[in-house]
Structure formats: structure tokens, C-alpha cells
Amino acid sequence: MSTALREPVLRTYARQDVTFVRGEGSWLWDDAGRRYLDLVGGIAVVGLGHGHPAVRAAAHAQLDELWHVSNLYWTKPMEALAQRLSDRFGGASAFFCNSGAEAIEAALKWARKASGRPGIVALENSFHGRTLGALSVTGQPAKRAAFEPLLPAVGFARLNEPDSLAAAVGPDTACILVEPVQGEGGVHVAEPHFLAAARDLGDEHGALLVFDEVQTGVGRTGTFFAWEEAGVRPDALTLAKGLANGLPVGCLLVGDSAPTGLEPGDHASTFGGNPVACAAACAVCDVVDDVLLARVRAHGAALARQLATLPGVTAVRGRGFLLAAEVERPAGEVVDAARERGLLVGTAGERTLRLTPALTMGDDELEQALVLLAEALR
Ligand SMILES: *Cc1c(COP(=O)(O)O)cnc(C)c1O
């Protein structure tokens, strides 16, 4: 086991005292050789499990060919990934970067340029990342306070309250920014009627509708994009977490019917569209097929039902394999108790456990996880 205080690393994280050295599927091994069942998946990132063979093979093959040339030139994996995402969206163009926050930064710049307006309407309790722009549209005062002043012209409305959104949107609004399921904020699902109201308000006021699918995208909620289930297509969306199964990649995807906005010289990322990350992401897109998505919907619903029966669980929320359980004890205590039993779970709030298992997790593994979690909750 490792020690908590060590190494010249800035203390921006409250890390758990464990060092992982190997992963395979839904399992992780620490430096003492102990095995853990992983229901965190690198925070909804390793969606196909650790070391997924198809993703690993694609990344390996690309490592042997070419790692980086910059966006001065074209590369095949980047073009192939853009094509796959466009096909899934129903016609769209991609800008590639390396993280969720960067994808949000691209979205904010795109929305301002494309609309010629300054205003952003986001939601209370939302999470869009830690860079100054992304933090400016994150509706969690505690995360923002120490870094103000942030971007001006940002307003916040309440999730699932169309009247609150209507009051915030006006002639200066460049875009409405919504997570189809608020992830970090506690796994709160945006109801289809609310997303439809956001779509209507955007159309009425000439504001663009942007969905932050950094956490919900790439199959996490049981459809490739979470908007598909609600049937509300945004003008643009952001992706990152699960897109390359753990290699860094982010994406702003702008639908073909939306204004293009950005022109050469407006925005850039040196590492964006990295060939290895894009090759891995292409493999991810190919693995996340209709069969896997149907499995996520069915198993996610079953897992939610079973979670609700565990001792000390007072409520269960979420969609697909993005689930939260409200618990009677501080969630951190449950996380520690679970880890001691060889199970990794996450949190999204003081008394909220967050479960984001691999979309590929086996039935027996899910069963085992529930047994261990029940023990940890006792
Ligand atoms: C994690 C997350 C982000 C930020 O992504 P980073 O890669 O950490 O910058 C943005 N939006 C949502 C919805 C997220 O879940």
C-alpha cells in the first residue's frame, strides 16, 4: 500500500490511499496485488472496461504508424472519427481537443461567434469543467467562489423548470447549455419535456441549444447520445469522457443545420485530434453498437431496481449505466467500506453514491458488485 502524503504533486485532489498498477475488463489490481471490482471506470471514462481488446489493438496499431503531426495537416484516424460521429448524429462536423472542459470552451466560443451574442444560459447544479470559461457556466457556487470574477453574461436556470429557463433566455442569449443527465451534480435526469422546452425557447429567441454530453455520451445512458432517448436534437454537443475509453480526447460536434460559426484562425488545439486517441475512439464507436446499447438499457434498469432494495438506500436516479443511489450515511464512508471489500464506487454529493460501471460489465460481476455494496452499506 502507498502512503497518502508523498511525491511532489499539487494537492488538488483528495486521493484515496491506493495505487493501481493493472486493469482488465471491470477489474483493477493495486500495487499489493489486491483485486477490485471497478464501478467507477475512471469516472465514466473507461466505458468498455480496462484494456478492451479492440480499442487496445487500434491504439497499438496507430502507435506503430504515427503519433502526432499537428492540425497543419490531415490524419486518417481524425477524419475517420469525425465521420463516425457525424453519422451517429445525423450530419455534423467535429472539432477535436483533449478534455471535457476544452470541448466546453470550444462550444462557448462557437456559440458566441455563430450567434453574434454574448449570453450563456446554463443550469444550477450543473458541471462543465474547471477551466475559467467552463467554470463560468458551472452552476455550483462553491466551486466558483475562489476564482471570481468569471465570465460575464452568464445566467442560471433551474433543471426541469421550463419557466425558470424562459425567464433566463433573451435576445442576448448565444446558447442554452444543458447536461441531458447532470453527472457531477448528483445524477439528475433532464426530463424530455424540459429538453423540448429548451429546444423551443432556443428556436423562439434565436439561441443555440448545446448539450454537454461529456459524461452522458458514447452509450453511457443506453443510447449513443443521450439526446436520442428524449428525441430532442441539439444544435451542438460536447463529448469527452468515454469517447476513447481512457485516452485523452474531447470533441465539439456541430450539427449540419446549425451555423458553422468558427473560421480558420478562430480556435485551435495543438494536440487535438491526436491520431492514437482518435484511432482508439473509432474502435470505441464501432464497439458501441445497437446490441451493446440495448444491453445497457436493460441492465441499467435492472441495476437501478436492485440498488433500490439495498439497506440504507433511500432513492435511486439515473439512466442506463449512469446511476446514483442516495444513502443514509456519508457517501465517503460507503466508498471506503466498499474499497476495503474490493469494490470501487464513486460519489456525486455528500450522501450520493455514483455508479458508472463499464457498459460491458458481465451479469455475474454486477451481481457480485451488489453483494459487496450491500455489505459496505450495512
Ligand atoms: C467531466 C465533465 C466535464 C469536464 O471534463 P474534463 O475532461 O474533466 O475537463 C465537463 N462536462 C461534464 C458533463 C462532465 O461530466
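If you average the alpha carbon positions of the stretch 252-322 and of the stretch 140-204, how far apart do those two centres end up, in angstrom?
Comparing the Cα centres of the stretch 252-322 and the stretch 140-204, I get a distance of 20 Å.
Below 8 Å between Cα atoms, with a sequence gap of 6+, how large is the relative contact order for the stretch 53-287 in percent?
Once normalised by length, the contact order is 30 percent.
Scan the stretch 44-101 for chymotrypsin sites (Phe, Trp or Tyr not before Pro) in coil per DSSP, keeping those whose Cβ has at most 15 other Cβ atoms within 10 Å, and list them by number.
Sites meeting the loop and neighbour criteria: Trp67, Tyr73, Trp74.
Among the lysines, which have Cα under 24 Å from the Cα of Lys241 when same-chain residues fewer than 8 positions away are ignored?
In chain and number order, the partners are Lys76, Lys109, Lys143.
Taking H as built 1.01 Å from N, whose amide H comes closer than 5 Å to the amide H of Leu355, not counting residues under 5 places away?
Under 5 Å from the amide H of Leu355 lie the amide H atoms of Leu323, Ala324, Ala325, each far enough along the sequence or on another chain.
In what sequence do Thr223, Thr309, Thr347 fall when counting other Cβ within 10 Å, fewest first?
Going from sparsest to densest Cβ surroundings: Thr309, Thr347, Thr223.
What angle, in degrees between 0 and 90 and rounded to the nearest 10, separates the Cα long axis of helix 363-377 from the longest principal axis of the Cα atoms of the chain?
80
Return the inverse of the average 1/r over all pairs of distinct C-alpha atoms in the stretch 53-287, which is the Kirkwood hydrodynamic radius, in Å to one decimal.
About 17.7 Å for the stretch 53-287.
Suppose every K and R has +1 on its Cβ and every D and E has -1 on its Cβ; what is the size of the dipole of the stretch 142-197 about the Cα centre, in Debye to the nearest 20?
For the stretch 142-197, the charge dipole is close to 140 debye.
Once the piece of chain linking Glu204 and His60 is laid out straight, how much longer is it, given 0.36 nm per residue of separation minus the C-alpha distance between them?
47.0 nm
If you place +1 on the Cβ of every Lys and Arg, -1 on the Cβ of every Asp and Glu, and leave all else neutral, what size is the dipole of the stretch 53-287 about its Cα centre, to the nearest 20 Debye?
460
Calculate one ³J(HN,Hα) per residue across the stretch 330-338 by plugging θ = phi - 60° into the Karplus curve 6.51 cos²θ - 1.76 cosθ + 1.60, and present them in order as whole Hz with x for glycine and proline.
Working through the residues one at a time gives x, 4, x, 5, 5, 4, 5, 5, 5 Hz.
Would you please classify the overall shape of the stretch 220-271 from the alpha carbon gyration tensor, given that a ≥ b ≥ c denote the square roots of the eigenvalues, rounded means a/c under 1.5, and beyond that prolate means a/b larger than b/c while oblate covers the rest?
The shape class here is oblate.
Find the eigenvalues of the gyration tensor of the Cα atoms of the stretch 144-271, then list the square roots of 5 times those eigenvalues as equivalent ellipsoid semi-axes, largest first, in whole angstrom.
After diagonalising the Cα gyration tensor, the semi-axes are 22, 20, 17 Å.
Give me the net charge for the shell around Asp200: Cβ to Cβ below 15 angstrom, other residues only, Lys and Arg +1, Asp and Glu -1.
Every neighbour counted, the sum reads -4.
With a 10 Å Cβ neighbour count serving as the proxy for reagent exposure, in which order, fewest first, do Asp364, Asp235 appear?
With the sparsest Cβ surroundings first, the list reads Asp364, Asp235.
Projected onto the charge dipole of the stretch 275-378 (+1 at Lys/Arg Cβ, -1 at Asp/Glu Cβ, origin at the Cα centre), which of Val291, Ala315, Leu373 gives the Cα projection farthest towards the positive end?
Ala315
What are the extents of the Cα atoms of the stretch 142-217 along their three principal axes, listed from largest to smallest and rounded to whole Å?
Per principal axis, max minus min of the Cα coordinates gives 36, 28, 21 Å.
Quick note: the coordinates plus some simple rules give every number you see, no bench work behind them. As the structure is a computational prediction, the values presented were derived from the model and not from experiment. Quick reminder, even Gly has a Cβ in these numbers, built from the backbone with ideal geometry, and neighbours come from all protein chains shown.
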